[in-house]
1. Over all directions, the average projected area of the alpha-carbon convex hull for region 1-92 comes to how many nm²?
2. Which of the GluC sites (Glu not before Pro) found in region 137-232 are loop residues per DSSP with 14 or fewer other Cβ atoms within 10 Å of their Cβ?
3. So what's the back-of-envelope 222 nm ellipticity for the chain, counting only DSSP H runs of four-plus at -39500 (n - 2.57) apiece and dividing by all residues, rounded to 500?
4. Calculate the length of the line joining the C-alpha centroid of region 54-126 to that of region 144-212, in whole Å.
5. Tally Lys/Arg at +1 and Asp/Glu at -1 over every other residue whose Cβ is under 11 Å from the Cβ of residue 521; what's the total?
6. So what's the angle, to the nearest 10 degrees on a 0 to 90 scale, between helix 318-329 and the longest Cα principal axis of the chain?
7. Neighbour counts of other C-beta atoms within 10 Å: give me 246, 366, 67 arranged from fewest to most.
8. Fewest first, what order do 476, 199 take by the number of other Cβ atoms within 10 Å?
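Just so you know, all these numbers are worked out from the coordinates, no wet-lab data involved. These numbers were taken from a predicted model, which means no experiment stands behind them. In this analysis, Cβ positions are derived from the backbone assuming ideal geometry, glycine residues included, and neighbour counts consider all displayed protein chains.
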Amino acid sequence: MSGCVAMCRRGNVKTLTNGTCSGIGCCQTAIPEWLQYYRVWFDPNFNTTDIYNVSACSYAVLMDSSHFTFQTGYATSSEFYSTNSGRAPLVVDWAVGNETCEVAMKQDSYACVSTHSQCLNSSNGPGYICMCSKGFEGNPYLQDPEKGCTDIDECKDPNKYPCNGTCLNTEGDFQCFCPTGTQGNATIGPCVKVEVITKRIWVAIGIFTTMFFGLIIFLGVEWIKHKRQIIRQDLIRKRDAYFHQHGGQLLTDMMKIENNISFKLYSREDIELATNNFDDKEVIGEGGQGTVFKGYNLDPDNNPVAIKRCKGFDENKMTEFGQELLILSRVTHKNIVTLLGCSLHFEAPVLVYEFVPNKTLHYLIHLQDEASIRTLQIRLKIAAESADALAYLHTLNHPIFHGDVKSANILLGHDLSAKVSDFGCSLIRSAEENLQVVKGTMGYLDPEYLLNFELTEKSDVYSFGVVLLELLTRRKALSKEKESLVSVFKEASKEGNLWEVVDREIADQDNMELIRQVAELAGRCLAITGARRPMMSQVAMELRQIAGMVRQRTGELRGVCPLTLQGRLATDTSDSYTGEETTEYYNLKKKASMSIEFAR
């Protein structure tokens, strides 16, 4: 029996020393030879009450002492266990049988069966062990020529088997000799060239070779410089051509006329640096309107921004495009994502927006597991703020119709404030493309818009009505079976079964009247004809009133824990990234089929 004592007087860790395992916080004892049994235990008579808060538990390990260096953190934490993943180097001494090599070789059970193996008597008790002969490696206990002792190719390991000349591998050994034209012992020193050509000739050859390769290198460098200059000039020409093609000069002139405008024009170099040359690792959204990247070093405070590279451009709308961008840049509302600037030096314009750090309303409703941040109070707060933002857009001197209102286009700030997004790229798609397509997301599309291609403020009201249904039911606008949430809601309302589709998280007795009011408002927003739908300002006012009733009943919204997941600006994202519905551009043929679906 062996043992040791480790002490730490009343948890005074200052006495611990790195590298020292001498009884202060750590002790060790040797394992003697011939030991046939191992067990470890801690003496229960030692009182650890005074140091429990410093060193919560004791532990022991059987390992090779040469691999252990004590660290002070070992005594006060699980650092030793964590660093080694619960494992430590251990040397195990063992042997075959109880006979010597001379006796074992005469028995049928002799274990050294590989062709190039040899037997060694055990140095620690009876028995023997097997090893491969010099020049061989592998398993001496196997007869398999490929898995047993195989020849070592010494020529492949010059560090272990040095050779200053030509190396030739042989079975169990290798040869090292000087190549033709040299002499010496390549095993112990370098080979010396045999002087055949005079030094003067060698000097001439060296000078000629140096000049030849120097000329080749010079011509190569000049050719590379010339090619780079051509590429750089071509890039500059393209950049300038894109800038003028996209109406950059017109936009610049208009910006000079404007006063106190914060909208910025970024260079191609700024955007490429911010996105690491549009690195796929920086992509935070992708869909029908473009690809969105997370960018840096563009905001004055070095905050991240969202950079959207749009798809397509209508050259006939250069003037209108510049005016529309300036109008969007003047949109200042706390619940609308801010357009910071753009770059016109690419094939299609690149728009720069403020970066919203959290997920979308779609994520909160359909994917978030935590129900405590999905109360009726929070849902109504987000709905009221979103309606305020859309009403603000509709009442501008130059009204803006969103055209793709959906829960995936409503981002959430740190305090779960709503941020309506997805402006800009829809303004710059080609005229030919816009005449042949309908922009929108299935399940949210206004029936009137499908019939006449005319986008109005009532189109946004209809789509927002679908968002209200999502907030009430936690169902998607279009199910996997292509069943419309609007159809389900209207059928349930008609049959008096509205409470069967309301989300159980909010369907309690106290909320019944408020939910009924929101459902009634959603029903008016979803009227088939736009004339029967309320204005968005009316929707926003009613939602503020309903949300106010909840605050009066439950108190102000306090202590809300925001979503701690990485957000992004883009909402026309791929399904593989967020699982959210994607904005699509439907052609005329598909429009007809969607009209039939609405008729159902």
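1. That works out to 6.4 nm².
2. 146, 171, 195
3. Helix-only estimate at 222 nm: -10500 deg cm²/dmol.
4. 41
5. +1
6. 80
7. 67, 366, 246
8. 199, 476
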